[in-house]
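Report on the following structure.
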Amino acid sequence: MAVMASVVHVPVMLQEVLRYLEVRPDGRYIDATVGLGGHAEAIAARLGPEGRLLAIDQDAEALEFARTRLAPFGRRVSLVRGNFRDLAAIAEEHGFREVDGILFDLGVSSLQLERAERGFSFFREGPLDMRMDPARQELTAAEVVNEWSEEEIAEVLRRYGEVRQARRVARAIVRARPLRTTWELARAVEQAVGGARDHTKIHPATKVFLALRICVNGELDSLDAALPQAHGLLGFGPDGRRGGRLVILAFHSLEDRIVKRFLERVTRDCLCPPALPVCRCGHRRTMRLLTPKAIRPSDAEVARNPRARSAILRAAERIA
């Protein structure tokens, strides 16, 4: 717990998240990725005695940190260990059948990045793990880089990290085997691309670590599965009561692409090809887009919290 206590957690785009959620004192909310509890704490603080928050995370360490942080709110908050790909089942089990808002804060938490033994960051030397739920997951980054073929590694780098020189980097990784630590992997990547940084000025290993983390944790598949479940949990009614709201913070283009595609589908009345003169699909929109353009963090926030720089917020409201 001493290590946890040393982690400084600053929730990203907190005011924007609260603005779009519009927390009601008597509402029911789900934080599908509670992490260290920063957003959840702000949501819970706006709930009255009848309000409820279901806080979910697959990382046991993060969940314990959040449990301590959210303890003052008592029974208003229920904490559950689980993966949001099972969102509907978790919500049903805990009595959250129709909710007023759901938040997804995607990506990796401060705690995971700070703990060298978790292997998420090359800024600290540690084992090549990268599992968000080590007790329940078998595949590690070490297995991918040391046992998968050059072709398979290159495909992971291309698909999940959009690494431009994927084959070259994969070849360097295979040649450097066995790779045991984050620093060894980072050095292999540097050697493959000459230590150069791309036009965004990021370290060449950044996208490689991102790709491996997404692969190990199945993050994009989980997001694809979770969004329709979240849609189904959001309440709406004919009595003029505002519909449930979905707020999503993404941190890279692949996540945001999935979110944007989903929101485009549920906020449109017709999904027919543009060439068709008459709608034949019969699709009707069930959500109203609250963010026609993605919301980005302010310059002031990025200056205070550099990890916010890549955040992308999108939000929508259930209407039918």
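The values are calculated or read from the model by the stated rules, or taken from the named source; none is laboratory data. Just so it is clear, the model here is predicted, and its values are computed rather than measured. Every residue, glycine among them, receives a Cβ derived from its backbone with ideal geometry; neighbour counts consider all protein chains shown. What goes into the accessible areas is simple: the full protein's heavy atoms, side chains included, and nothing from ligands, DNA or RNA. Shrake-Rupley method; radii C 1.70, N 1.55, O 1.52, S 1.80 Å.
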Residue list for the range 66-116, filter: modelled with pLDDT under 95 and more than 15 Å from G232 (Cβ to Cβ): G107, V108, S109, S110, L111, Q112, L113, E114, R115, A116
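Within the range 298-320, restricting attention to residues that are small (G, A, S) and in contact (Cβ under 8 Å) with a residue 12 or more places away in the chain, which residue is nearest to I202 (Cα to Cα)? Spell out how you get there, then give the answer.
If we filter the range 298-320 for residues that are small (G, A, S), which is where we start, we get 298, 300, 303, 308, 310-311, 315-316, 320.
Next cut, in contact (Cβ under 8 Å) with a residue 12 or more places away in the chain only: 308, 310-311, 315-316, 320.
Numbers: A308: 15, S310: 12, A311: 16, A315: 28, A316: 32, A320: 43 Å.
Out of the qualifying residues, it is S310.
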Criterion violated by E151 - all others in (1) buried (at least 16 other Cβ atoms within 10 Å of the Cβ); (2) part of a helix (DSSP H, G or I) satisfied: (1)
Every residue from the range 56-69 that is in contact with a helix residue (DSSP H, G or I) (Cβ under 6 Å, 6 or more places away or on another chain), assigned to a helix (DSSP H, G or I) and open to solvent by less than 30 Å² (accessible area, probe 1.4 Å): A62
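With respect to R265, is the statement that it is open to solvent by 40 Å² or more (accessible area, probe 1.4 Å) and part of a strand (DSSP E or B) true?
Values: open to solvent by 40 Å² or more (accessible area, probe 1.4 Å): yes; part of a strand (DSSP E or B): no.
In short, no.
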Among residues of the range 262-297, those that are under 23 Å from I102 (Cα atoms), without any contact (Cβ under 8 Å) to a residue 12 or more places away in the chain and not basic (K, R), counted: 2
Residue among E138, E162, E143, E152 that alone is without any contact (Cβ under 8 Å) to a residue 24 or more places away in the chain and either over 30 Å from E64 (Cβ atoms) or in contact with a Gly (Cβ under 9 Å, 6 or more places away or on another chain) (or both): E152
The range 288-320 - residue that is surrounded by 15 or more Cβ atoms within 10 Å (Cβ to Cβ) and among the hydroxyl-bearing types (S, T, Y) and, of those, farthest from A230 (Cα to Cα): S310
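In the set L157, L185, L210, which member is open to solvent by 30 Å² or more (accessible area, probe 1.4 Å), in a helix (DSSP H, G or I) and of a type in the set (A, V, I, L, M)?
Working: L157 fails: open to solvent by 30 Å² or more (accessible area, probe 1.4 Å); L185 fails: open to solvent by 30 Å² or more (accessible area, probe 1.4 Å).
Matching residue, one of L157, L185, L210: L210.
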Enumeration of residues in the range 76-114 that are more than 19 Å from A42 (Cα to Cα), among the basic types (K, R) and not in a loop (DSSP other than H, G, I, E, B): R81, R85
Condition met for R167 (on the phi < 0 side of the Ramachandran plot and either open to solvent by 40 Å² or more (accessible area, probe 1.4 Å) or aromatic (F, W, Y) (or both)): yes
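I'm trying to understand the selection: among the residues of the range 9-38, which are assigned to a helix (DSSP H, G or I) and open to solvent by 10 Å² or more (accessible area, probe 1.4 Å)?
Going residue by residue through the range 9-38, those that are assigned to a helix (DSSP H, G or I) are 14-21, 38.
Within the range 9-38, L14, Q15, E16, L18, R19, Y20 meet the criteria.
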Number of the exception - A32 against (1) free of Cβ contacts under 8 Å to residues at least 12 places away in the same chain; (2) within 23 Å of V216 (Cα to Cα); (3) among the hydrophobic types (A, V, I, L, M, F, W, C): (1)
Output for the range 87-110, where each listed residue is among the acidic types (D, E) and open to solvent by 70 Å² or more (accessible area, probe 1.4 Å): E92, E93, E98
